[in-house]
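These notes concern the structure reproduced below.
Read-outs throughout are calculated quantities, based only on the coordinates presented, and are distinct from any laboratory measurement. All of these numbers come straight from a predicted model, not from anything done at the bench. Every residue, glycine among them, receives a Cβ derived from its backbone with ideal geometry; neighbour counts consider all protein chains shown.
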Amino acid sequence: MLLYISECNGRFILSAFPLCQLTEEDLIQNPLFCRLLATLSQHVDRTGLTLPLKKELEKAEKELRSQKLAWLRLESLHRILQEMVQEHRFSQHHTAAAPAEDTFYVTLERCLLIARCVRHLDPSSTVGQDQPLILGLSAEKVLNQLPPQQEVWRMKQRLPIELQKHLKKKLFTLLSYYQPDWENESEGLRCVKLSKLPELLESERSRAESLSEKNRENHTVLQHQTHSYLSELLECMQLLQTLVLDLRLKVQKELDRKKIEYFEAKCEIGIQKIRAEMFEVQLDSYTPDKIAAHQKITEKLTAQLKTCQVEKQSLESRLASFEIYGREFEILAQEYSRLRQEVATKSWALKEFTV
């Protein structure tokens, strides 16, 4: 029972501290450390932050998100206004605009430029106030270059209407890009469909994300299947190689025997062919009379060979009979041979002196 409780406590601690590289065995072997972690789990979260610090962090993140959202709104509005000015400049090259419209866009462009300069000249709270001025200019001097207040007031009065027209035009362009078939429909119908465009885009985004996730899963499954297929294929190849080697060893003897028979037959055919060539050469080289003479010579030589062999056999038998007398007879024969050689030498010398 105690072991079960300790295991449950260990699992709770591991779930409370997922970033720690610990196992249940480590906690069981170190009960004091396990108790310390259990106490800490009441004061910190899964990331290791204390509860007050986590609240402050969430508050700071929320404030940061709100500031980012405010900055994005201002930045988006600023870029849209710049885009309106650029489109007006581009349209001036094709068609002439009304003086009031030119005055509106000139005033808007000048206000945007001055606001941009003021933003660069006016230091923030994180920068020291004693920074040197750029070209000797200050924010107050730049603000003095604003258009007359009446023109600025007229521009501000007209700006929401022009901004609404520009945004509406961009939205219709986006709608036409999303569904080109809706371009020829009435403005009211397009406005209705435009109100549903965020939901459609969100559904498309969700579907794209689901397809992407499914694609990743399919890719993972495909990799796993490919690995399994290659493993199975390798095993099959090894099994096939084993079967081939075993079968080859079994039939190797039969193959070798057949090869030997084949080579023997081939050699025999070669020998017969050589003999036939020799006979053909002999027939081409010798006449029948020469062949008969050669046959007679061969018969005579064969007869002489047989006579010599018979004489050799008789001499060998006589020599064998002398060998019966042993070593003494061999010494006596050598002495006899020496004496005969001396007699022959002295006879030759006597003959020479007599002459």
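Ordering Tyr336, Leu305, Ser347 by Cα displacement along the dipole of segment 286-354 toward the positive end leaves Leu305 in first place; charges were set at the Cβ atoms of Lys, Arg (+1) and Asp, Glu (-1).
How long is the gain from Phe172 to Glu202 if the chain were fully straight, where each residue apart is worth 0.36 nm and the alpha carbon distance is subtracted?
Details: separation 30, 0.36 × 30 = 10.80 nm, distance 1.78 nm.
That works out to 9.0 nm of additional length.
Set the bar at 28 Å for Cα to Cα. Now go through Lys59/Lys169; Lys68/Lys168; Lys169/Lys196 and name every pair that lies beyond it. Result: Lys59/Lys169 exceed 28 Å.
Spin-label model, Ala333 to Lys62: label points 7 Å out along the Cα-to-beta-carbon direction sit 13.7 nm apart.
Would you mind ranking Met237, Met84 so that the residue whose beta carbon has the fewest other beta carbons within 10 Å leads the list? Please report the intermediate quantities before stating the final value.
On the way: Met237 10, Met84 21.
Arranged by neighbour count, lowest to highest, Met237, Met84 become Met237, Met84.
When Thr23, Thr95, Thr107 are sorted by how many other C-beta atoms sit within 10 angstrom of their C-beta, beginning with the fewest, the order is Thr95, Thr23, Thr107.
Between Ala265 and Leu315, the FRET efficiency estimated from the beta carbon spacing at R0 = 41 angstrom works out to 0.30. Note on Glu254 and Ser231: their simple-model spin labels are 3.8 nm apart, each label 7 Å out from Cα toward Cβ.
Treat the count of other C-beta atoms within 10 Å as a stand-in for reagent exposure and order Asp246, Asp102 from fewest to most.
On the way: Asp246 10, Asp102 13.
Ranked by crowding around the Cβ, least crowded first: Asp246, Asp102.
From the square roots a ≥ b ≥ c of the eigenvalues of the alpha-carbon gyration tensor of segment 286-354, which class results: rounded (a/c under 1.5), prolate (a/b over b/c), or oblate? Mind showing how you got there, number by number?
Working: a/c = 7.39, a/b = 1.73, b/c = 4.27.
The shape class here is oblate.
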